[in-house]
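We did not get these values from a lab; they are worked out from the coordinates using the rules stated. Model, not experiment: these values are computed from the prediction. Reconstructed Cβ throughout: ideal geometry from the backbone, glycine too, with neighbour counts over all protein chains shown.
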Amino acid sequence: MRIPFFEMFMTSPFEGLQEHAEKVKECAWSFQQAMECYFAAKCKTFEEFRQEVIQIESEADTIKRRIRGHIPKETMMPISNFLLFRYLREQDDVLDAMEDTLDWISYRSTTKIPPELEKDFTLLVDAVIDPIEQLTTLVAEAREYFGNYSENQRVIVKDIIHSLHEQENVADKFEDVIKKKVFNMEDDAVTIFHLVRLAETIGFIADHAQNAGDMMRAMISR
């Protein structure tokens, strides 16, 4: 007989995961504002948004360390610490990828998005924001599943994971479009490298969201 997950903890580790996921979602708003600012070219608040992302990432790191340090080693868990920590790492890597993207822009702030690529980059950013926002729902629904082991609840979690995969595929397509266009531009090599790497770094955000979904799938598997 399965023991409800939450009865095994005075404080469920999923409470920490939920808090961490909310920080990821909060960071996504600042990230999106920073990217829109960058695309506008004349925006003067890009650095302010970048610092917001850095601050939120630091706050999320504190939550991450608390989760890792407050799971009693002697407690029997329905999932392994390994899977739990792998999920947390992938969710945290979503934050890191947002910060890395803005850092990459700051290294060569004089490089602007060519007009012919503005729409493609905007679509790519929008595509990676969607899975970020689903992570909070994923953790909440998984938390409920581990409280009752309902098969219907398990299906809900799996549907969200499937959606994360579909969204990552959409982001991949936008990333590929950008790369093809950039490599056919007549520009200096440094600018081409900067734009290609920028597209890849943005794409990593959706990659890690998908990976988080895969770790959750492993946790709910039977």
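Observations
- Built amide H within the under 5 Å cut-off of K112, gap 5+: none
- Check: the chain dipole with +1 on Lys, Arg Cβ and -1 on Asp, Glu Cβ, in debye: 580 debye
- Most fluctuating residue given options L17, L198, L83, as computed from a GNM of the chain linking Cα atoms under 10 Å: L83
- Local electrostatic count, F193, Cβ distance below 13 Å [Lys/Arg +1, Asp/Glu -1]: 0
- Relative contact order of the stretch 24-178, pairs being alpha-carbon contacts under 8 Å that are 6 or more residues apart, as %: 29 percent
- For the stretch 141-195 and the stretch 43-58, distance of Cα centres in Å: 23 Å
- Computed extension length for N169-T137: 9.5 nm, one decimal, from 0.36 nm per residue of separation with the Cα-Cα distance subtracted.
- GluC sites (Glu not before Pro) restricted to DSSP loop in the stretch 127-206 with at most 14 other C-beta within 10 Å: E186
- Across the chain: Cys residues that no other cysteine approaches within a C-beta distance under 4.7 Å: C27
- Per-residue ellipticity at 222 nm computed for the chain from its helices equals -29000 deg cm²/dmol, with DSSP H segments shorter than 4 residues left out and the rest contributing -39,500 (n - 2.57).
- A Stokes-Einstein calculation at 25 °C with viscosity 0.890 mPa s, built on the Kirkwood radius of the chain over Cα pairs, returns a diffusion coefficient of 133 µm²/s.
- Cα-based helix-to-principal-axis angle, 13-40 vs the chain, degrees rounded to 10: 10 degrees
- The slack between E144 and F183, meaning 0.36 nm per residue of separation minus the straight C-alpha distance, is 9.3 nm.
- Approximate spin-label separation T191-S109, in nm, with each point projected 7 Å along Cα-to-Cβ: 2.0 nm
- Projected area averaged over orientations for the stretch 142-222, convex hull of C-alpha atoms, nm²: 5.7 nm²
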